[in-house]
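Please treat every number below as a calculation from the coordinates, not as lab data. Predicted, not measured: the structure shown is a model, and the values here were computed from it. Backbone-built Cβ (ideal geometry, glycine too); neighbour counts: all protein chains shown.
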Amino acid sequence: MPEISQEWTAELKKGSVQLCLLALLAREQKYGFQILKELRELSGGFFDLKEGTLYPALRRLEERGFVESHWVEPESGVPRKYYRITERGRRALTEAIEVWDRMAAGTRRVLEAAR
Amino acid sequence: MIPVDAYLGQVRRSLGGMDPRVQEDIVRELQSHLADSLEANGGDVGAATQALGDPVAVARRYREIYGYGASYRRLFYIVAGVTGILTVPVLFAGDEAVFPYFISAIFVAIEFAFLIWVSVMAGNRAGILSGLSGVVGRMAGFGAAIVANRGAFLIAPDGFAAFLLVSFLFVIVGWLPGKAKQAWRRPGAEL
């Protein structure tokens, strides 16, 4: 049985999932199912989001003005709602990556001292 | 196993009271997701709906973002305002008090309960506005009593202080529960 609590891991994920969502949208617009799949694959399964939590998370980002969405109706197939990052979202992503890098570098130095 | 239509129907029902355009957009997006999910998993409806999660819980997450729609919020303000009128203990018809204290006290309790519900369910902003609407209702009721009973002694100074205090509490009760819920149920740190 692991010594660390599941809550700690869940908090780590919760704190970083929005950063990952913005990062995934940095290059191109994407729809929900695509985001879910890429998040799962790129994170090696670490971010195996419950599907029902992804869309509210995207909408929270939209409410903050970090992403915007629009429907794309193909001639055949399923209509899909695409999300794309806004300028504000891009600035937030840059700031968040800086904080993340500092945190990761700081944590790494502390952990290396313990090895 | 819940069929897709039944699943989406449950989500839609649980979104009741939200802005209809937002409801439609949410259901349409979930429908689109389920179509993609079914295509990816070979048509296993049970697995697709299970992966999305309990429809009521899914709807609750959206409710936390969008709250109630404008028409429902207006209805809350009207109910709070009308109940506010009924909380005034000084309404007279001739020499008879038609709203003695104990009846108005019942309406004060109903108003408090309603404001707590609005604040928790629709957010502290809707709660504050409902509380203010209750205050306006009380003032209107009191004003009507003064106009209808010119020259009569309607309320003692202590009674007037209590009147203002209860009115002030309407706004506080409209604000506090929603604010407390927001603080306790705040989603994890956001960007």
* To do: Going by C-beta contacts inside 10 Å, put A:W100, B:W184 in order with the fewest on the left.
  => B:W184, A:W100
* Per-residue Cβ neighbour rank within 10 angstrom, fewest leading, A:E7, A:E63 -> A:E7, A:E63
* Structure fact -> 1/(1 + (r/R0)^6) with r = Cβ-Cβ of A:I97 and A:E62, R0 = 22 Å, i.e. FRET efficiency to nearest 0.05, evaluates to 0.60
* To do: Grab the beta carbon distance between A:R27 and B:A40, set R0 = 22 Å, and tell me the FRET efficiency rounded to 0.05.
  => 0.45
* Say a paramagnetic label sat at a point 7 Å from the Cα of A:H70, along Cα to Cβ; which residues of the range A:18-59 have their backbone N under 18 Å from it? -> A:25-32
* 9 Å beta-carbon shell around B:G84, net charge (K/R +1, D/E -1) -> 0
* To do: Just subtract the alpha-carbon distance of B:I65 and B:V147 from 0.36 nm times their residue separation and send over the number in nm, one decimal.
  => 25.1 nm
* Mind checking the dipole of the protein assembly as shown: about its Cα centre, +1 per Lys or Arg Cβ, -1 per Asp or Glu Cβ, Debye to the nearest 20? -> 580
* To do: Report, in degrees rounded to the nearest 10, the 0 to 90 angle that the Cα long axis of helix B:124-148 makes with the longest principal axis of chain B.
  => 30
* **Peptide B:22-35 - average C-beta neighbours from other chains (10 Å radius)** => 4
* Put +1 on the Cβ of every Lys and Arg and -1 on every Asp and Glu Cβ in chain B; which of B:P20, B:W184, B:A48 then has its Cα farthest towards the positive end of the dipole? -> B:W184
